[in-house]
Structure formats: structure tokens, C-alpha cells
Amino acid sequence: MPPKKAAAKPNVSAEELLGHYREMLLIRRFEEKAGQLYGMGLIGGFCHLYIGQEAVVVGLEAAAEEGDKRVTSYRDHGHMLACGMDPKGIMAELTGREGGFSKGKGGSMHMFSKEKHFYGGHGIVGAQVPLGAGLAFSDKYKGNDRVTFTYFGDGAANQGQVYETYNMAELWDLPVVFVIENNGYAMGTSVVRSTKSPSLWERGAAYGIEGEEVDGMDVLAVKAAGERAVAHCRAGKGPYILEVKTYRYRGHSMSDPAKYRTREEVQKMRDERDPIEQVRDMLLTGKHATEDDLKAIDKEIKAIVNDAAEFSKESPEPALEELWTDIYAEVEA
Ligand SMILES: Cc1ncc(C[n+]2csc(CCOP(=O)(O)OP(=O)(O)O)c2C)c(N)n1
Ligand SMILES: [Mg+2]
């Protein structure tokens, strides 16, 4: 007789799973709302949504400690929410208002929070990679125990500056986790059309950098890999690469002809691999939560996102004189 199949019981606490569920749902609902506000003409300029990729930042933030840093590209709303930045300040930045994290002058791609150690938000593909190594260099120089998460895409992974950075980061044993968010596409170019080698993380070997591939639709797998990466860095062994296989459901930005992939491909991913649904299933089958518990969380998240949207409409636009402020910063000697 075949052994009885055990009920899905992940080796994590109910509290932890519920936390992941809540955080991923916050990102999803926030992004859906941002899409709506964009459609209503309340958000101008570029806007790149993170829907589908939620497990990446939520899993890695679960492996981070207070004081660790993060820097990423223009697809940055999820990273900001996951590191605890106020949804109101993020949404108000999207609508270009005074209450935004960059006082309405940065927009979707250019937000920062010193308090949460979030260093942007960068529109130039790959430019955040050397910046991330620089942040890690400062921590190494100061002799503290901090780690910097430097996120970039599969497209950015073909940039020369990434490999210059790998070389220096390994040479100087910098505490930086390079996170390649491989969502399969760089705008309309699939990774198989742009890249001959099937594995992006293995390129680190040429520089002596260790790493691994991770299932980016599974928040627990991401967290476990994040913990290995962070332990490596904190032990003074230098950088580590995580190639996180993920998928974006929406277009590259708000204007995307979507001719480079089929609807069926997107739908299949949503139906079979959705990171939020996976945790929802674990919560229900493991009897960690009831349908009603999850409904209550949905309601709570909806209220947070609606408040953020209200704030982003009510906060005033920056005064004209603000054009001349925040251009230079005073630096401590
Ligand atoms: C240096 C530079 N080249 C080109 C662009 C235009 N561009 C913006 S996003 C993008 C694709 C990047 O794809 P990827 O790194 O996979 O990140 P994803 O958008 O999938 O998160 C390109 C080519 C840019 N912003 N900067
Ligand atoms: Mg990509």
C-alpha cells in the first residue's frame, strides 16, 4: 500500500505565513490601485508595476535585519512596501504630491528613505548595481555587520557595469547580495532571445562569486535562500548572487503592446504558480487560518490601500519654489 500523503504542513509558524500573506497582498493591492490611478490620469510619467513578483521582496526582507540596505531599479514599489515605507508616502509620490517620499519631485522611479535604508528607485538600467556595491563598501569600511541587497533584472544582467561591480565586490569581499530578478523579459525581449547562457547567476563563478537559482514564486524558498546569502555576507565571505526566477503579470510599464508573449502564458503562470495563492493554500490546508481570517486580512489591506489613494489625491502639489530645493545636499565631513 502506498504511504498516505501527508497534509501540506510547512515548517513555518502560522504567524510567519500570515505575515508573508499580508505583505504580498499589500503589494498586489497597492499595485492594482496604482494601475487604476494611472488610468484615471492621476499618475504621470513612467510607472512599472510589480504584480506577480511579490514573493521576491517579501521573502528577502524576511531574511534581512534592521540596518540592512536595499537598492533597486524603477520597478520599485514592492521593495519600498516590503521594507516598511508608508504606503501613503509612496502613493503620494506616484501622484506627484507634497506628501510623497521625494516631496512629489521624484515620481514612481525615484524614491528614497534613509530611515528604512532604501536607496532608490533608479531609472537607468543597471546603474543601481555599482551603487549597491558602494553602499556595501561603506558598511565594510565602517566595520559594521550590515548587508546590502542590490536588485536588478535579467536585462540589466547583460550590462558591463554589473561585471565590473562583481569584480570589485569579490576582490574586496563586500557584503552585498546581488539579486537578479529574472522575470523572463526585458521590456519586450525574452531572456532566451537576449542571452545564450541559460543561467545568469553562474556568471559569478568567473569572478569567484558563489550563488544559486531560486524559485521566486515560492516565498519560503526565497526566504531560505536569502538567509544563506545573508549568512555568507555577514561571515565576511564577500558577495553572493541569487538568481530569482519570477514573472511579471502586467506589461513592462503602463504602455506595453504585449505582443511578445501570449495571454495563455500569463494565465498559466497566474493559475499554477501565483505566490499569494500558494501561501493561501498552505494557510488553509495547514489549518493555520480560515476563509474568514483571510477575508478579514483582505479587508484590512484594502483599507490601507484606499487610505493611501485618498492621501495621494488630497496632498497638495508641490509649490513652484520647490523647483529650487533639494538639488544639493550638505554632506557631513
Ligand atoms: C541604460 C538604459 N538602457 C535602456 C533603458 C530602457 N529600458 C528601461 S527598462 C528596460 C528593460 C530592463 O529589463 P530588466 O532588467 O529585465 O528589468 P525588468 O523591467 O524586467 O524589471 C530597458 C531596456 C534604460 N532605462 N536604461
Ligand atoms: Mg526582466
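Bear in mind these aren't lab numbers, they're just calculated from the coordinates by the rules spelled out. These numbers were taken from a predicted model, which means no experiment stands behind them. FYI the Cβ positions are ideal-geometry reconstructions off the backbone, even for glycines, and counts take in every protein chain you see.
From the list GLU243, GLU265, the lone residue that is within 16 Å of ligand 1 (Cβ to nearest atom) and within 20 Å of THR165 (Cα to Cα) is GLU243. Based on what the data block shows, is TYR141 away from ligand 2 (no atom under 16 Å from the Cβ), more than 20 Å from VAL214 (Cβ to Cβ) and in contact with a Phe, Trp or Tyr (Cβ under 9 Å, 6 or more places away or on another chain)? The answer is no for TYR141.
Could you please tell me which pairs satisfy a Cβ distance under 9 Å, a separation of 6+ or placement on different chains, a first residue in region 156-184 that is within 9 Å of ligand 1 (Cβ to nearest atom), and a second residue that is hydroxyl-bearing (Ser, Thr, Tyr) and part of a helix (DSSP H, G or I)? If the second residue must be hydroxyl-bearing (Ser, Thr, Tyr) and part of a helix (DSSP H, G or I), the pairs left are ASN158/SER194. Taking region 103-114 as the range and being touching a residue at least 24 places away in the same chain (Cβ under 8 Å), away from ligand 1 (no atom under 15 Å from the Cβ) and at negative phi as the test, the residues that pass are LYS105, MET111, SER113.
Under the condition of being within 23 Å of ASP68 (Cβ to Cβ), surrounded by fewer than 22 Cβ atoms within 10 Å (Cβ to Cβ) and of a type in the set (D, E, K, R), the residues counted in region 157-202 number 2.
Those helices (runs of 4 or more DSSP H) of region 219-333 in which 3 or more residues are touching a strand residue (DSSP E or B) at 6+ places or on another chain (Cβ under 9 Å) and surrounded by 15 or more Cβ atoms within 10 Å (Cβ to Cβ) occupy 219-234. Restrict the check to region 121-136 and report whether at least one residue is more than 16 Å from ligand 1 (Cβ to nearest atom), assigned to a helix (DSSP H, G or I) and either over 18 Å from the mean Cα position of the chain (by Cα) or surrounded by fewer than 17 Cβ atoms within 10 Å (Cβ to Cβ) (or both). There is at least one residue in region 121-136 that is more than 16 Å from ligand 1 (Cβ to nearest atom), assigned to a helix (DSSP H, G or I) and either over 18 Å from the mean Cα position of the chain (by Cα) or surrounded by fewer than 17 Cβ atoms within 10 Å (Cβ to Cβ) (or both).
Here ALA309 passes the criteria (1) within 20 Å of the chain's Cα centre (by Cα); (2) hydrophobic (A, V, I, L, M, F, W, C); (3) more than 16 Å from ligand 1 (Cβ to nearest atom) except the one numbered (1).
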